[in-house]
Amino acid sequence: MHERERHRIILSAVQEKSVVTVQDISELTEASEATIRRDIAALHVQGKIRRVRGGAEAVHPPQLGNLAGRPFRVSESVNIDKKRAIARQAVELCDPGDAIIINGGTTTFQMVHFMAAHRLQVMTNSFAIAEHLVKHSKNTVTVPGGAIYREQSLILSPFDNDAIRNFYARRFFIGAQGVGPLGIMEADALIIQSEQKLMHQADELVVMVDSSKFHRRSSLILCPLERVSTVITDDGIPEEAVRMIENAGIRLIVASPVAQAIKEDSSSVA
């Protein structure tokens, strides 16, 4: 990753979470901790952040009340080639006229780029997904009621009397913080509450995660593996994760970022 892109990610992270650690940014950017320390030092000299022990903090801390997990702007460009390949495979599961639910996230957001020619009935709690589909597609879009969490671009409500219970879908597409033997993991209780409500409204649960998510863990379990119908990931998935998914009786779809790039290049030439 180029230095300019690393700096953008660091600045976005401290704007949303006030304090970030060297380890957090190293995982986000896939750069060494030594490189991240140099980046933080450079941004500190420029007056854009404050260098603190083990990380960096915002010059002007954001307001409290953010959800746990990475902000949308921070994660959006991480593993983007893998996310696009996964998203294309997800959209190919959809038939004309299908009713689907798409949960907010940077991997699920990539689905919008392949939905322009579709006419699906879409329920989403993602402000970013809803906005893009309304502007750039013929899909019918429904959003639940609730507050907009700007950092994650999510619409969430703790109440039951919203549009969710009146929408029935064939498939529910979600991302995740991690996938392990205990199930699908998320970082925030309010997000889990929203996702569990949405899960009740769909026949199938399709989990869209890049291969790095099989190495990550979170303290909160959304659902056991047995609830999942399909997992879509990239070709970097570890062998032990393949065995875990197959042993759980889950359909596994492996997307190739290289094949996806070739397909997009061919389409642009045509």
* Solvent-accessible heavy-atom area per residue, rounded to whole Å², over the stretch 92-245 at 1.4 Å -> 42 Å²
* Structure fact -> A 1.4 Å probe over the protein heavy atoms gives the stretch 73-123 a carbon and sulfur accessible-area percentage of 47 percent
* To do: Report, in deg cm²/dmol and to the nearest 500, the calculated mean residue ellipticity at 222 nm for the chain, where each DSSP H run with n ≥ 4 adds -39500 (n - 2.57) and the sum is divided by the residue count.
  => -11000 deg cm²/dmol
* To do: For the chain, calculate the relative contact order in percent as a whole number, restricting contacts to Cα pairs under 8 Å that are 6 or more residues apart.
  => 15 percent
* So what are the ³J(HN,Hα) numbers for the stretch 171-181, from phi and the Karplus equation (6.51, -1.76, 1.60; θ = phi - 60°), rounded to whole Hz, Gly and Pro as x? -> 9, 10, 9, 9, x, 6, 6, x, 9, x, x
* Structure fact -> Counting only protein heavy atoms and leaving out ligands, DNA and RNA, the solvent-accessible surface of VAL20 at a 1.4 Å probe, in Å² to the nearest 10, equals 10 Å²
* For HIS2 and GLU240 in one chain, what is 0.36 nm times their gap in residues minus the Cα-Cα distance, to one decimal in nm? -> 82.5 nm
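The values are calculated or read from the model by the stated rules, or taken from the named source; none is laboratory data. Source: prediction; values computed, not measured. The area values use the complete protein model at the heavy-atom level, side chains included, leaving out ligands, DNA and RNA. Shrake-Rupley method; radii C 1.70, N 1.55, O 1.52, S 1.80 Å.
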